[in-house]
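The values are calculated or read from the model by the stated rules, or taken from the named source; none is laboratory data. Keep in mind that what you see is a predicted model, and the values were worked out from it rather than measured. Cβ placement follows ideal geometry from the backbone for every residue including glycine, while neighbour counts extend to all protein chains displayed.
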Amino acid sequence: MTTSTCPKFTIFTVAALIFQIIGLSLFVFGFFPVKPALSGVSGRESFFAPGCNSVENRTQTEMGLSPNELKSLYQDLSGIPPLFDRLILMVIDGLPAEFVLGKDGQPPRKDLMDAMPYTQSLLSSGMAIGYHAKAAPPTVTMPRLKAMVSGAIGGFLDVAFNFNTQALLDDNLLGQFLRIGWKMVMLGDETWLKLFPGLFVRHDGVSSFFVKDTVQVDQNVTRHLGNELSRDDWNLLVLHYLGLDHVGHIGGRSSSLMGPKLLEMDEVVKMIHLSTIQAHDHDQGRTLLVVVSDHGMTESGNHGGSSYEETDSLALFIGLKNQVSHYLSPTHNSVLQVDIAPTLALLYGVPIPKNNVGVVISGTFDSSTDDQQLRALELNSWQLYRLVEAQLSGLSCGDFACRGFFGDLASGSGECSGSIEETLCCLFMNAANLHNSWKYKKEKGSESRDDYRSTIAAYHEFLKTASEWLSRRVTDKPVSLHASGVVAMAVSCLIFLGLITCISREVYTGEKQHLSNSSNSKMTWCLEEGFILGVVLILVMSMGSSSMIEEEQYIWNFVICTLYLLLLRKAVQSPSGRSGSALLLKAQNRRSDVQVCAILLLLISARILRGWHQGGVNWTHLPDISKWLEQGGSNTIRLVQLTSGLLMMSLGLFALFLFVSKTKLVQVVGFFFLISGFLVLWHIMEYQDNALVSSNYRATLLAQIIYATLGIGTVGTVIALPWLMPIQISSACSKHKTNSSTSVSFDIQYKFPLVELRDSSYLIGLVYMLCWCLLQLLLQQPINSMPIFLLLMQILTNMLYCSYNRPQNKEWLEVALLYYMGMAGHFALGNSNTLATIDVAGAFIGLSSHSTLLSGILMFIITYASPMLVLLSMVMYISVKDTSYLATSQNVDLGHFMKMMLAFPCLVPLGLNSILLTAYTIVLLLMRNHLFVWSVFSPKYLYVCATTVCIYIGVFVVAATEIYTYMVLAFRRKLQVSIGNGVL
Amino acid sequence: MQEEKKKNKKKSYIAKASTAENSSRSVSALQAFFVHLICGLGLAIALWVAHNFYAINLVSDPSRTLRLIWIVQSPIVTLLYSWFRLDPERCSYLKAVGRGMLALPAGALVNALGAIVLGAPVGIEYLPKTINWSVLMSLCTFVPAASVFGSSWSHWQRMFAHTKPNEPLEYMICIPAHGAVIGAWLGAWPMPLDWERPWQEWPVCVTYGAMTGYLVAMVVSLGFVVVHGRRQNLKRD
């Protein structure tokens, strides 16, 4: 595969791209399952069997009901009279159920038993029922609380998509309680306040920020307890104790602080229980105390993963009558954490939350009548059936319930098998039929205990199957999907790398042919190339560490500055001075001087960029330039903004008039650039000083005018420029200043529009970059205007450096340098790997009405300003490189030429990105049980995906522009030549 | 073909070097060993003095410790390397010492700029640390070269831009200097991590890295000197 034709090359590239896209989407959908949640909240339709359309219509009327009317309506419909009036939900953060209930049917250790005397006495006397409630990973507080109150297991993406609000918007228990007019009080972890803003009538939130504090956090909760217990104006009291989790984090499970902490919790339980008994006696209503923990902890006190120690959380119902002894075999008293939601909903007679996947804990209904127990199971089954129905469109068991009840007893005992739809449907029908026949028999007075038991068993079978299937849909990570995604990505990565090595070998041989007379070219690996590859390795390794991901900006900066220093070293090397005339030596000296100056400028601007935003997660409090400027007030910032705008415009005009042939065309482009620049400056002057005005109509209009000007200007330039570019034929060529045009034969100059292509690429690239920068000046935060200017300057300086490079210098090295520069700039603009740094405010500039799509696009433009700028600069880069020698080889044709010109600027970014993407995918897969998988690794993965999209767009723009320009120029040249021949 | 070219190049270098050798003192392996040993001991003594007499170390008081180290180390390095100056007939010992002393602040400036460019914090409270660190780095990198080569640009270029030393003296200058720089570069990696250790502060771990790199590189350079001496002996035979 030494030489490959252009079509073949393109096909390979496109194939690799498609592989990558397929792999990425397979992986993303496998790793971040989108939970098909039902919207809305359960109403009274949940007390009717699913499938009856007549009932659904009636739900409209309950809108007008007052909370009390709704409450009595629910009580009438549910058929289960609530046993309790009030609920105390006591959450002990991080308490493993093992501490209270023991493990494998054995009671807990002696010291733990002694630490909780009152709770143990309640358990042994049958006043309380305890369960091991298995939590789903990630075992971190907020998702677990959500699971407990909504019964649903959330996916990651719905966390990511709701990054601006943490409030729980899905149907949940607390929302249901609120609808029936409950008053709620919350004491403890302020996560509850984030989840349910404005829901509690009284609250005292404590922060879990100071992990070292194990005493004060809990005292802050308990100090209100006496007061709250004596009041009767609440229905739900949430207590969330953080101290035990903090004890675990400090000293692990067997910390010396653990015993006293457990004793303290036991005291709280005792205090609440005694007061509830008292309250019952005083006729303040019956109170149920539910003690739960959100997750367990490992031996060393950490949590987040999915080991037994971490997922083993507690669910303890104090106040329910219980006939069974409490150290049951693990099969009997282990439930799921999500089961708490439907249980509480049924106990209090509210509809089960819509997305619940839990199953009612049957032991909690032991004291109810047979009728009520079956009814609870029936309601739970209906709710799960509805959820299954929403996810399996093929599920339809007919409108059985509307047919009224008459059991087809024959079908009631069949074995269920087949597809999941059939199985679930059959199980559900079995249970419903048995229940109906039991009711029928009961009316006749001929019911038997066996019928009852088989009905219960049938319901449980359905519930278990449906619940397992539903929760597997959410938490199951389909290995095959992951594996195929990773394999596809790896394949595409290998194709890219293969293409790059292939083309660089080809370029090298071409070079050797070209430079054979000078005999000075040899294929050696220089230090910079080794370092560029080393950087990839460093990045891949750093991805495995969560703190390196948090502080990624340091890596990029360190690496890019080291690279500049290496280039500086190389530039100093250059005058070898052994061969050649004095003139050549002088030219070489001049070249190295310019290069040294360029690199020094790059180094200084890189340092300023690094100092602009502190960035990251851990060191954000340290001083930086942006904080210092912000202290100066809005006038200082506006001054900085205007200065950088003016500097940007002068730099742009300078670069424009550096352009060799000063035609009218350049003047027109310059004029357009000036106009749009002044429009942006006007916008800054008028409207930037406070954010409130940005919603103002005139500001919006001006922003829209700027969008239109920039858009029309850019597109117009790109389309018109190749047509208007003056074409020089024959004699004009030799006059034109090209670096090594002497060696290019006249024939080739004649055949290919090399000079014109370079000129138009230069102009188009410049227009792209300048327009992008002006757009950023408008959209970015005011403080970021200077970094944008510095980035533009860096890129232009880099172009200068590259143009002075020797032609045999490795092109891929320069493109990789540009790519790295773009990534360093990305972080210099204040971005990080957390979703919190996305600038949401800028995404609404110039939008007259709210549109998710448009503001999403603006957000993308703001976030990926720097990588996109670098990719757009590739158009200019193509013009800066001296490609004329490429055309000297024998097999010169259009395809070969395009390939040589476009291959590196397009393939190197794609290749580098594919390496990082593939590596990070594998890292994410390995880290899927890590404590920080949801807080650090997954957001970073979203950024990596977005970078990939950014690179696709950028590379597409570059390739399309170049191909279009080339086609037009070639067409015009052919035309002109044929006309010329005709005239002659 | 390529190898031949390389050989040719090497030969030309060796020819050049031999002319240089004539004008400088030749360095035996034993001399090289003692020079490196004394430099290394200088570092160790400075650290020991700081620990036992002033009760400070790099972590507790980086600025003063670094100052102590470079005050102890600078006469050692300057006096030792000046002995091996190029062209000893025309250039007196004192002149060599003087240019070594001049190179100390100049090299410190270059090192400080390099560190700041690579991300060393800028600020009044960091200034003494940066200055003391860069003087120490200058002692490891610039001062020996300045004492030996003076202002001979071609030597400097070959040492630091091309990294092509080819005689014992050049090994002794070039390799420890590169070792110190690479060590310092590697030493900066733990700085952004959130381990909350006091040694992650600038310039503590960078100094540790630089000193480790310097010591390792001295051993390597000694190895090169010994190998070079053997090869010369073989050739003579």
Report summary line: Considering residues that are more than 9 Å from every other protein chain (Cβ to nearest Cβ), crowded, with 17+ Cβ neighbours inside 10 Å and without any contact (Cβ under 8 Å) to a residue 60 or more places away in the chain, the number found within segment B:191-211 is 2
Query raised in the report: Can B:Ala184 be described as among the small types (Gly, Ala, Ser), surrounded by 22 or more Cβ atoms within 10 Å (Cβ to Cβ) and within 14 Å of another protein chain (Cβ to nearest Cβ)?
Result: yes
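Matching residues to (1) of a type in the set (D, E, K, R); (2) within 20 Å of B:Ala177 (Cα to Cα):
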{"site": "B:Ser74", "(1), (2)": "no, yes"}
{"site": "B:Arg99", "(1), (2)": "yes, yes"}
{"site": "B:Ala103", "(1), (2)": "no, yes"}
{"site": "B:Val110", "(1), (2)": "no, yes"}
{"site": "B:Ile116", "(1), (2)": "no, yes"}
{"site": "B:Gly119", "(1), (2)": "no, no"}
{"site": "B:Glu125", "(1), (2)": "yes, no"}
{"site": "B:Pro128", "(1), (2)": "no, no"}
{"site": "B:Trp133", "(1), (2)": "no, yes"}
Report task. Run down B:Arg85, B:Arg99 and say which single residue is of a type outside the set (Val, Ile, Thr), away from chain A (no Cβ under 14 Å) and part of a loop (DSSP other than H, G, I, E, B). Result -> B:Arg85
**Report entry** Breaking point among (1) more than 11 Å from every other protein chain (Cβ to nearest Cβ); (2) surrounded by 15 or more Cβ atoms within 10 Å (Cβ to Cβ), for A:Arg569
**Finding:** (1)
**Report entry** Of all residues making up segment A:603-647, the number that are within 10 Å of another protein chain (Cβ to nearest Cβ) and over 31 Å from the mean Cα position of the chain (by Cα)
**Finding:** 2
Report task. Considering (1) hydroxyl-bearing (Ser, Thr, Tyr); (2) within 14 Å of chain A (Cβ to nearest Cβ); (3) more than 19 Å from B:Ala217 (Cα to Cα), say which one B:Thr141 fails and leave the rest. Result -> (3)
Query raised in the report: Is segment A:796-807 home to any residue that is within 30 Å of A:Ala843 (Cα to Cα), surrounded by fewer than 24 Cβ atoms within 10 Å (Cβ to Cβ) and at pLDDT 85 or above?
Result: yes
Query raised in the report: Looking at (1) away from chain B (no Cβ under 14 Å); (2) modelled with pLDDT under 85; (3) part of a helix (DSSP H, G or I), which is the one condition that is false for A:Gly580?
Result: (3)
Requested in this report: State the number of residues belonging to segment A:250-284 that are within 23 Å of A:Leu83 (Cβ to Cβ), basic (Lys, Arg) and within 41 Å of the chain's Cα centre (by Cα).
Outcome: 0
Requested in this report: Mind listing whichever residues of segment A:553-563 are within 11 Å of A:Met823 (Cα to Cα) and at the interface with chain B (Cβ under 9 Å from one of its Cβ atoms)?
Outcome: A:Gln553, A:Ile555, A:Asn557
Query raised in the report: Going through segment A:200-228 one residue at a time, which ones are within 25 Å of A:Pro82 (Cβ to Cβ) and surrounded by 20 or more Cβ atoms within 10 Å (Cβ to Cβ)?
Result: A:Phe200
Query raised in the report: Among helices (runs of 4 or more DSSP H) lying entirely in segment A:70-153, which contain 2 or more residues that are in contact with a Ser or Thr (Cβ under 7 Å, 6 or more places away or on another chain)?
Result: A:141-150
Query raised in the report: Of A:Gly645, A:Gly611, A:Gly633, A:Gly615, which residue is on the phi > 0 side of the Ramachandran plot and crowded, with 16+ Cβ neighbours inside 10 Å?
Result: A:Gly615
Query raised in the report: Within segment A:220-231, is even one residue touching a Gly at 6+ places or on another chain (Cβ under 9 Å) and farther than 19 Å from A:Thr287 by Cα?
Result: yes
Query - Verdict on B:Leu113 being part of a helix (DSSP H, G or I) and over 19 Å from A:Leu603 (Cβ atoms) - result: no
Query - Answer residue from segment A:583-602, given it is modelled with pLDDT of 90 or more and away from chain B (no Cβ under 13 Å) and is nearest to the chain's Cα centre (by Cα) among those - result: A:Ala598
Report task. State all residues of segment A:610-667 that are in a helix (DSSP H, G or I), out of contact with any Phe, Trp or Tyr (no Cβ under 8 Å at 6 or more places or on another chain) and under 30 Å from A:Thr562 (Cβ atoms); if no residue qualifies, say none. Result -> A:Arg610, A:Gly611, A:Trp612, A:Lys627, A:Trp628, A:Leu629, A:Val640, A:Phe654, A:Ala655
**Report entry** Residue match in segment A:518-529 (condition: under 25 Å from A:Leu601 (Cβ atoms), modelled with pLDDT under 90 and more than 14 Å from chain B (Cβ to nearest Cβ))
**Finding:** yes
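Considering only residues of segment A:157-206 that are part of a strand (DSSP E or B) and hydrophobic (A, V, I, L, M, F, W, C), which is modelled with the lowest pLDDT?
A:Val206
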Requested in this report: Please specify each residue of segment A:200-259 satisfying the condition of being touching a strand residue (DSSP E or B) at 6+ places or on another chain (Cβ under 9 Å) and among the hydroxyl-bearing types (Ser, Thr, Tyr).
Outcome: A:Ser207, A:Ser208, A:Thr222, A:Tyr241
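Yes/no matrix, rows are residues, columns are (1) buried (at least 16 other Cβ atoms within 10 Å of the Cβ); (2) at pLDDT below 85:
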residue: A:Gly304; (1), (2): yes, yes
residue: A:Val324; (1), (2): no, yes
residue: A:Gln337; (1), (2): yes, no
residue: A:Asn355; (1), (2): yes, no
residue: A:Thr369; (1), (2): no, yes
residue: A:Gly394; (1), (2): no, yes
residue: A:Gly398; (1), (2): no, yes
residue: A:Phe406; (1), (2): no, yes
